[in-house]
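These notes are about the structure you will find just below.
The values are calculated or read from the model by the stated rules, or taken from the named source; none is laboratory data. For clarity, every value in this text was computed on a predicted model and none was experimentally measured. For neighbour counting, all protein chains shown are included, and Cβ atoms are generated from backbone atoms with ideal geometry for every residue, glycine included.
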Amino acid sequence: MTEEEPENEPIGSAEPDDAPSHQRFDCREPDQRAAGIDAARRAVEAGECVVLPTDTVYGIGANSFSASAVQRLLDAKGRGRDMPPPVLIAEPSVMMALGRDIPEPAKRLAEQHWPGPLTIILHAQPSLQMDLGETRGTIAVRVPDHELARELLRATGPLAVSSANRTGKPAATDADAAIDQLGDRVAVYLDDGPARGGRPSTIVDFTRSDYGAVVRHGGLGVDELRRTVPYLDDRAPAPEPAPENESHGAG
């Protein structure tokens, strides 16, 4: 009686246990760009996180209308609900649907300086199905000056976005750095080469005054903004190196 020999397994059929589950697309190639945006859109719809380039550094994004997706973003960064992410939008007109009682100076700033390094804080529409964290009824919005980012935003709608890094680590300036820090916590990485870097966005708060108040200095100077809104207040502390937690997120 002969002992049965085990069946031969097909060579190379099994993937190593440590094989990455995320997808990466080189969006500098037209075919990869289209496929990447479609994959990222589907990932967002499924409640997953994606990494995208912006006009400052790389960001990690999630469906802003899904509380579980936003929580997944915060968990990926190792960050609490006390630091809610801002929302990136494709066009200035989207701001009108997200905010309420939007003062004319806010509309003028958006018209003049978007896309660009300007984040506007507004009272959120009460009907919005958003849970971004401890926002106290406000929402921070921005239109990034990056065509790939805006192309994705047109496909997905508004995204909650923060810098693509673990809390306490440097913000990622390329896709490799984002993958090193976030790995399979993110489903899709859109690689568009090195980020432009530079200063984060200037943040203007319109929830306490219709004239607006600068609460963080950034890529747009106060004097430049006052050419559009002359009575803009400046309540921001003296400029310091951008902290990791908002170096992309708000902008």
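Beta carbons closer than 9 Å, at least 6 apart along the sequence or on distinct chains, pair a first residue in region 38-60 that is touching a residue at least 12 places away in the same chain (Cβ under 8 Å) with a second that is surrounded by fewer than 24 Cβ atoms within 10 Å (Cβ to Cβ) and of a type in the set (F, W, Y) for A39/F25; A40/F25.
Given the criterion small (G, A, S), modelled with pLDDT under 95 and more than 17 Å from I121 (Cα to Cα), identify the matching residue among A155, A177, A149, A171. Walk me through how you get there before you give the answer.
Values: A155 fails: modelled with pLDDT under 95; A177 fails: modelled with pLDDT under 95; A149 fails: modelled with pLDDT under 95.
Selected residue: A171, the only one of A155, A177, A149, A171 that is small (G, A, S), modelled with pLDDT under 95 and more than 17 Å from I121 (Cα to Cα).
Here H146 fulfils each of the conditions (1) in contact (Cβ under 8 Å) with a residue 60 or more places away in the chain; (2) buried (at least 24 other Cβ atoms within 10 Å of the Cβ) apart from (2). L109 is checked against (1) more than 26 Å from D38 (Cα to Cα); (2) surrounded by fewer than 18 Cβ atoms within 10 Å (Cβ to Cβ) and fails just one. What number does that condition carry? Of everything listed in (1) more than 26 Å from D38 (Cα to Cα); (2) surrounded by fewer than 18 Cβ atoms within 10 Å (Cβ to Cβ), L109 misses just condition (2). Pairs are defined by a Cβ separation below 8 Å, a sequence spacing of at least 6 or placement on different chains, a first member in region 178-196 that is within 16 Å of D26 (Cβ to Cβ), and a second member that is surrounded by fewer than 23 Cβ atoms within 10 Å (Cβ to Cβ) and polar (S, T, N, Q); the pairs so defined are V188/Q23; Y189/Q23; P194/T173; A195/T173.
In region 121-138, the residues that are within 19 Å of S68 (Cα to Cα) and modelled with pLDDT under 90 form Cβ pairs under 8 Å with partners that are of a type outside the set (F, W, Y) and outside any loop (DSSP other than H, G, I, E, B), at six or more places apart or across chains, as follows: L128/L98; L128/I139. Within region 182-203, the residues that satisfy the criterion of being in contact with a helix residue (DSSP H, G or I) (Cβ under 9 Å, 6 or more places away or on another chain) and under 15 Å from G61 (Cβ atoms) are L182, R185, V186, A187, V188, Y189, L190, D191, D192.
Scanning region 30-56 for residues that are in contact with a helix residue (DSSP H, G or I) (Cβ under 9 Å, 6 or more places away or on another chain) and crowded, with 24+ Cβ neighbours inside 10 Å turns up G36, A40, V44, C49, V50, V51, L52, P53, T54. Restricting to region 97-106, and then to whatever is among the hydrophobic types (A, V, I, L, M, F, W, C) and closer than 16 Å to S64 by Cβ, can you tell me which residue is surrounded by the fewest Cβ atoms within 10 Å (Cβ to Cβ)? Ranking the qualifying residues of region 97-106, first place goes to A97.
Checked against (1) surrounded by fewer than 21 Cβ atoms within 10 Å (Cβ to Cβ); (2) of a type in the set (D, E, K, R); (3) touching a helix residue (DSSP H, G or I) at 6+ places or on another chain (Cβ under 6 Å), R154 passes all but a single condition, namely (3).
Taking the conditions (1) surrounded by fewer than 16 Cβ atoms within 10 Å (Cβ to Cβ); (2) farther than 30 Å from A35 by Cα; (3) in contact with a helix residue (DSSP H, G or I) (Cβ under 9 Å, 6 or more places away or on another chain) in turn, G133 satisfies each one other than (1).
Step by step: first the residues of region 172-227, then only those that are aliphatic (A, V, I, L, M) and assigned to a loop (DSSP other than H, G, I, E, B), then the one that is farthest from the chain's Cα centre (by Cα). Which residue is that? Filtering first and then ranking leaves L220.
Find the residue count for region 78-96, including only residues that are of a type in the set (D, E, K, R) and either buried (at least 16 other Cβ atoms within 10 Å of the Cβ) or without any contact (Cβ under 8 Å) to a residue 40 or more places away in the chain (or both). Steps first, answer last, please.
First, pick out the residues of region 78-96 that are of a type in the set (D, E, K, R): 79, 81-82, 91.
Checking the rest, the ones that are also either buried (at least 16 other Cβ atoms within 10 Å of the Cβ) or without any contact (Cβ under 8 Å) to a residue 40 or more places away in the chain (or both) come to 79.
Residues that pass the stated criteria total 1.
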